[in-house]
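The values are calculated or read from the model by the stated rules, or taken from the named source; none is laboratory data. Bear in mind that the values here come from a model prediction, so they are computed numbers and not experimental data. Here the Cβ positions follow ideal geometry from the backbone for every residue, glycine too, while neighbour counts run over all protein chains shown.
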Amino acid sequence: MTTFPDDADGAVLADLAAHGVDLSQPLVIEFPVAVPDESSAEKCHKAMTAAGYDSRIEHDEGEPDFDPDEDDEDEFGPSWSVYATVRMIPNYDEIIRIQAELDQIAKPFDGECDGWGVMLEADDE
């Protein structure tokens, strides 16, 4: 059994392995980068593309009843994200490296990498 570092990234890899995902095969991994507004999203997207990342911009309208003055963890306001998509064999060190690189790319636009995830297809049985 493979062991992973005791942090959030290691926990995601361990969870994937526990759910039967073959971590020796390439997966499409998405790295969301949170940015403050549309202009920052466009600039960050351009910089990520120039660095060789396949990326796209997404805007979320947020919760319809969102009130920024209330302290409700279940509601969120409008947000902008730029997603970098990388097809790779999941490797802890490489995932950490990519997140750090995306942080550096996004920093001039007040952005930061907000973790990573994979979309797994459901079996059609």
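What to note about this one:
- Taken over the stretch 28-61, the criterion of being part of a strand (DSSP E or B), out of contact with any Pro (no Cβ under 9 Å at 6 or more places or on another chain) and closer than 14 Å to SER81 by Cβ is satisfied by GLU30, PHE31, PRO32, VAL33, ALA34, VAL35, SER55, ARG56, ILE57.
- Scope the stretch 108-121; condition modelled with pLDDT of 95 or more and exposed (fewer than 12 other Cβ atoms within 10 Å of the Cβ); matching residues: PRO108
- Leading residue by the ranking (nearest to ALA11 (Cα to Cα)) among those in the stretch 71-107 that are at pLDDT 95 or above and of a type in the set (D, E, K, R): ASP93
- The residues of the stretch 14-70 that are at pLDDT 95 or above and on the phi > 0 side of the Ramachandran plot amount to a single one, GLY52.
- Taken over the stretch 1-27, residues that are outside any loop (DSSP other than H, G, I, E, B) and either surrounded by 13 or more Cβ atoms within 10 Å (Cβ to Cβ) or of a type in the set (Phe, Trp, Tyr) (or both) amount to 8.
- Filtered residues of the stretch 84-102 (kept if farther than 12 Å from ALA51 by Cβ and touching a strand residue (DSSP E or B) at 6+ places or on another chain (Cβ under 9 Å)): THR85, ARG87, MET88, ILE89, PRO90, GLU94, ILE95, GLN99, ALA100
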